[in-house]
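**Q** Below: one structure in structure tokens.
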Amino acid sequence: MKKEELARLQSYLRKTLGASSLEVKAQPKKDDMAEVFINGEFVATLYREVEDGETSYQFQMAILDMDLEGV
């Protein structure tokens, strides 16, 4: 993904999720994927999909059972 695209996604996710420390970083080996970090910790992946000339983004976040301990 291009820098402008990453910046727009980062701004949107920061506002939507209320996480000012959220960062969207390019995945160097794939041009249709980025990684999402909060406070420096990896939390999700973002995939760009283009179908019939329309672009959408898939946000995928896995929550492990062990992450829920103590919550």
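**Q** Could you grab me the full set of residues in segment 6-24 that are open to solvent by less than 30 Å² (accessible area, probe 1.4 Å) and either charged (D, E, K, R) or farther than 12 Å from Ala44 by Cβ (or both)? Let's see the steps before the verdict.
**A** Applying the first criterion (open to solvent by less than 30 Å² (accessible area, probe 1.4 Å)) to segment 6-24 yields 6, 9, 13, 19, 22, 24.
Leu6 - this is the single residue of segment 6-24 that is open to solvent by less than 30 Å² (accessible area, probe 1.4 Å) and either charged (D, E, K, R) or farther than 12 Å from Ala44 by Cβ (or both).
**Q** Answer yes or no: is there a residue in segment 7-19 that is out of contact with any helix residue (DSSP H, G or I) (no Cβ under 9 Å at 6 or more places or on another chain) and outside any helix (DSSP H, G or I).
**A** If we filter segment 7-19 for residues that are out of contact with any helix residue (DSSP H, G or I) (no Cβ under 9 Å at 6 or more places or on another chain), which is where we start, we get 7-18.
This time we only want the ones that are outside any helix (DSSP H, G or I), so: 18.
Yes.
**Q** Of the residues in segment 38-71, how many are loosely packed, with under 10 Cβ neighbours inside 10 Å, more than 20 Å from Ser21 (Cα to Cα) and not acidic (Asp, Glu)?
**A** 9
**Q** What pairs come up if the first residue lies in segment 11-33 and is among the polar types (S, T, N, Q), the second is open to solvent by less than 90 Å² (accessible area, probe 1.4 Å), and their beta carbons are under 7 Å apart, counting only those six or more places apart or on different chains?
**A** Close Cβ pairs (under 7 Å, with a partner that is open to solvent by less than 90 Å² (accessible area, probe 1.4 Å)) amount to Ser20/Arg14; Ser21/Ile38; Gln27/Met33; Gln27/Ala34; Gln27/Glu35.
The values are calculated or read from the model by the stated rules, or taken from the named source; none is laboratory data. Keep in mind that what you see is a predicted model, and the values were worked out from it rather than measured. All Cβ positions, even for glycine, are placed from backbone atoms using ideal geometry, and neighbour counts span all protein chains on display. Side chains included, ligands, DNA and RNA excluded: accessible areas come from the protein's heavy atoms. Shrake-Rupley method; radii C 1.70, N 1.55, O 1.52, S 1.80 Å.
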